[in-house]
Structure formats: C-alpha cells, structure tokens
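Read the structure below first, then the notes.
Derivation of every value follows stated rules applied to the coordinates shown; laboratory data play no part. Since the model is a prediction, treat every value here as computed from it, not as a measurement. Neighbour counts run over all protein chains shown; Cβ positions are idealised from the backbone, glycine included.
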Amino acid sequence: MKKYILSSLAVLSAATMFTSCNDMLDTDPRVTDATQATFPGKIGDVDALNTATYSIMNTMGGGDADTQNPFYWWEVMSDNCYGSGGLQDNKVKAMHHLVEMSVDQYQQAFVLLYGGINRANNQIETIDNVDWKGNESKRSQLLGEGYFMRGLYTLWLTQLFGDVPLITSTTITDDMRQQVSADSLIYPQILSDFVSGMNLMSTAKSSGHANKYVAEAFLARAYMFWAGFYKKAGELANGSGPAINLVKQAGCDKENLSQADVVTALKDIVSSGAYKLLEDYRSLWQYSNSMVWDEAHDNADGTGNKEGTHAYDFIADMKRENCFDQPGMGNGNDEELFGIQFMNASSWGINGAIENGGTYSTSRMYCNYLSCWWALRVNGNNGNRDCTYPFTQGWGQGTPSCNIWDDWTIAETNGNYSDIRKLGSLIDCEHELAAYSYVKDDCEESGYAVKKWCGVTLDALTGDTPWWHAVQEDFKGTLDNPMQGEHFEDFYLMRYADVLLMLTELTGDKQYMNQVQKRAGVPETAYSLKAVQDERRWEFAFEGIRFNDMRRWSGKDGGENCYAAKALQAQAGKQVVVKGNTANKVSMKHMTCSWAKRYADTDGFLSKPQSQITLMEGKLKQNKGWDASNPETQYVDLYN
C-alpha cells in the first residue's frame, strides 16, 4: 500500500507568510516580495513551495465538508444526495436546496482556492531563483506542476462561482481584481495551464503529484465542461466542440485547442499503458481491505473467527490479492491518476487566516474527513458491531437520495443485469445492516448510505475505531479520536475509468465505455449519449463529478427543462424518514420554490461571499439568482 507523506509540516510556514491585506486576493497563499528575492534559494525550497501548493487540497479534503469541500458540495447539490443529517445541520440542507443560510456560507472554499492559485503563481515566478544547471528536467517538472495546479484550482473556483477575478501573478494589479468572463478569458487560461503542464511534466508517476498524463486527463475534463456548458456543444461525439484560443506562456505555444487535440491527449494516456482498470471495482474502496476479508473467511470456512463473530458477505467472493490494502490496489492503485492523499499528521488546532479576522478550518487536514462525514448516523448503537459491521458511525450528512437507488434499480431491471457498482457504492441500510435504526433528530433519510467513503472497522478493534488503526503504527492516534481522525483513504480526483468514458463521449467509439461496463458486470452496449450519461453516473457516484456533468449536458441558461433541472426536480415527492418516524414518511419538497427553478435561476453557481464583494468595492459582482432580499434564495427550516 502506498502512503503519501508530505515533505514536512514545517514547509507550510515557509510558504504562507502574509502581506498586509486589502482584500481576499492579498491573503495567504504567497510569500512577500521581500521573501521572493531570497526564497527559494535551493532546489529543496522549490520542493517545499510545491508541497505547500498541493496542501490546499488537503485542507479542502480534511476540513469540515459542509464549509470547504467542493467535491462533497457537488454531490449534495446533485440528484445523488440529499442534505440530511440532524435537525441542526442546516448548511448541508441549504446547499442541497441551492439556497444559502448566510451571505458568506461559501466563503471558505472561495478563499482556499485563491490561496492555491497564489501559491502556484509564486512557484512559477520564483523557480529561477535557483541554479538548475544539471537539473533541468526537475525544473521542467516543478514548473509544469505549478502551471497544472494553478489551472486546477482556477477550474474548481470558476465551476463554483462563475465569473471571478483571474489571478495569474503574485503582483495583483487593479485590472486583475476585476471579475472577468469565464467563457472567454478564464477557460483559455485554465486550458493553457493544462497544456503547459502536459508539455513540461514527465510521464513518470510520483505518489501524490501530477504528471503529463494527469494534465492530459484534466485538459479533457475542463474542455468538455467549457464546450458543453458555455458553448452548448450538445453531443460531442458529433464533433460539435469548438476550438478555444490559448494563452502563450512557458510550455504552451499552441494558438488554440480543438476537440481533436483533446481526443489525442486522452488516447496518449490509453496507449501509454501507464494505467488500467482494476479487475474488481470493490478493490478501489476501503471496505474491501484484507482484514475485513479475513474476518469473513474465518467465519465462512468453519474454523471460527478468533477476533469476533461477524462477516461481511459482500466481499467474500473477492480474490484476496484484490483487497484494498494489497499491492497495486487501494491507495495509489493502478487506476488512480490523481487524488488527494492523506497522512497521520492532523491536529485540532491548525487554522488559517481569512480577511476580517475569520478563520477557515484546517483541522484534520491530513485525514480524509469525508469518511466521517458520510459515515452512518445510528440511533444509540454507534460502534455496535451487531448493528453496523463493518461500518462505523459518523455525521450521516449527504445521505444518498432515493433517486440514485431507484434510477439504478430501473436500469438493472430493464437491462436484466446486476451492477456490482450499486452495492459497491451504496449501503442498503435496512437490508445490509443487521439492526439499522434511524436517529430521532435526523432528516431526509432515504435508507441508504455512502459505502465508498464510509468509515470501516474490524471485529478485532473496540468501539468505533477505524481499521486503519490496525494497519501499522503510522496510522495511529494523532487526534486521540480515531472515529474522526484515522481515515486515510485517497479521495480520487481522476481515475482511468474517466479517461475511457470521456473518450467514448468525445468520439462515439463504444470500445472504451465497454471496458468500464464489462468490469461492472453490465452488458456492453452501443454508443449513445444516454448510455454514457448513465455509465458516468453509476461509475463515479459520490466522487464529486455528477453535478458538473449535469451542468455541461444542460448548457448555460438551460432553463427549467434542461437535463440538470429535470433531474433535480425528480427528487420532489420521494418518501423520506424524518425524526426517525418510519410509520409516517415525508414527501421531499423544495424549501422555497422548486429545484428546477433554483437551478434555472443560478445555472448551478453558488453565491459569492458578500464580505468579499464588499471588500472588492464593486469589482466583484454577485451571481444571478442570489439576491439576498429574495426569499427564494434563503434557507427555510422544513423540519423543526
């Protein structure tokens, strides 16, 4: 099993010195001008800057999911999940209903992403402070990673907030503070950064870092969103994607990027043989670890389980060599191009500064806190193996919707097959767990939970301690709270399955999609856009991809009858459990108007933080559909 260790926590302080702040664009994320003259001074310093640039992803992945994790947000905003959680969990419910509970609800991700952009800019600008003679290839790699990470953070920022200031330097001019068109100015820069990364980085794999193939894959993802959402290209297999002009910079000397160029980049990944689909879909997820497998087989073979009495039948038919913690599986596996990786260095007390004296949480930033966020919310039986084995307790927010289970079941029934990914992704609580019960203050409970990311335990452990505690000493105890702090499963940002499905969508060639279908036990089908849309939903459930797929298949200003609006509105009327009352289920309804209207009004963009709009003195404009004086935009408590 691979485990990514960031070079040194001390690195972070070297890369996060503050300047005086006039607005958000001046906060952390870059060193001062005076420091730039002397730092970096050696190759190791550039490595330190690079580590700090990547660490923003850990902050997003390890902090509170409802305040700063956009990958979680995009699942909750889609038709895959409800807000759910307890009565007091209002942020996640607001997000699901595409409203806000405060005018600064989405500020933390806004600030963090600009932090990452500024760190990347500093890395690009200061790289030649160092003498690279004899190490030119390392310079090229580190410069390419700087461009790639700037493009990635800018992509996420504009997918969340639309037109924003485009920051390409640590010296921020007045013109740079003005928000600009994502369509005509921001996406050309994003795609240019990915082209630079593609041309500057090597093909070598390095745990936790980008390489040429990672840049090629994200080039496709960004281009497809731009072409679908902004240019309304429709069915890309027809060759409808337009060319986009690029920005001349190091590593990017092309004038424009075409759909054919994107296809060539994806085919380069395939022909390289550097990545492959794992044989068993379950190998990607921590519930298939060999310790749980061993407990199942100790029971199944009649010898008795010396450590306990439970067995997890869902993985009993797996080959042991395919278990999550075996070579080539799990973290850093042969299918993972890029992801957020974690280590045991979390703390309750690390916080980062935000303008106006606020803070964003970096607590637990080095553990995968989503494994706690999406874990089970169980009434009075938390940690009781008789009720939830092998899964542990957690916050139970972002509950899977009835829609994803129902839609998936219809697809299986109509196709007369069983898709391993359905139970590979969701816990069917009432049928899989021996004594599942609802919590008296919970909301919007569908009866399902997220299996992919849910914390996992063992009979051999006590309480709700995750299985990682039994792996090796490196995974134990930093927070003295294993339930919250001991989760180290990679969060995938790009898998080889996505490369294959993007290729089919761009070319109409079914062979790539068929590989993904075959692995899932799904009949191989001919190409159709509907087939690709379904495969992407099933393959990447709860991986932060669904919402932006829905948006690019809808087009900007798609209205209430577009793909996304109709899919979201289909949640209305689904029967859910509220306050543990299974006898009288509640029909899902939108808290202010309808999902279709809120999507049409906002195009899926979030509200920009009002405090930042105020600080920017008219240069930053609020997104349409987010007038705080309109009650349709504001949180309403449906359940108290």
### Task
Straight distance only, please: which aspartates and glutamates reach the Cα of K440 with their own Cα at less than 15 Å, same-chain residues fewer than 8 apart left out?
D89
### Query
How would you rank 548-561, 209-222, highest first, on the average number of other Cβ atoms within 10 Å across their residues?
209-222, 548-561
### Value at 222 nm in deg cm²/dmol, rounded to 500, when DSSP H runs of n ≥ 4 in the chain each add -39,500 (n - 2.57)
-11000 deg cm²/dmol
### Query
Considering only DSSP states other than H, G, I, E and B, which trypsin sites (Lys or Arg not before Pro) in the stretch 86-167 qualify as loop sites with at most 14 other Cβ atoms within 10 Å?
K133
### Mean Cα-pair separation over length for the stretch 497-568, i.e. relative contact order, pairs under 8 Å, 6 or more apart, %
21
### Task
For the stretch 64-118, count all C-alpha to C-alpha pairs, find those more than 19 Å apart, and express that count as a whole percent of the total.
24
### Scattering profile of the chain at q = 0.07, 0.08 Å⁻¹ [log10 I(q)/I(0), Debye over alpha-carbon scatterers]
-0.41, -0.55
### Query
Relative contact order (percent) for the chain, with alpha-carbon contacts under 8 angstrom and 6 or more residues of separation?
19
### Cα-projected label distance for A526 with D386, points at 7 Å along beta-carbon direction, nm
5.6
### Message
At 0.36 nm per residue, and after removing the present C-alpha to C-alpha distance, how many nm does the segment from D627 to Y417 gain when stretched out fully?
### Response
70.9 nm
### Task
Any aspartates and glutamates with Cα under 12 Å of the K579 Cα? List them, leaving off those in the same chain fewer than 8 positions away.
D441, D442, E444, E445
### Task
Give K422/K556; K93/K589; K556/K624 a once-over and call out the pairs whose C-alpha atoms are over 23 Å from each other.
K422/K556
### Task
Take the eigenvalues of the Cα gyration tensor for the stretch 166-249, scale each by 5, and report the square roots as semi-axes in whole Å, largest first.
22, 22, 9
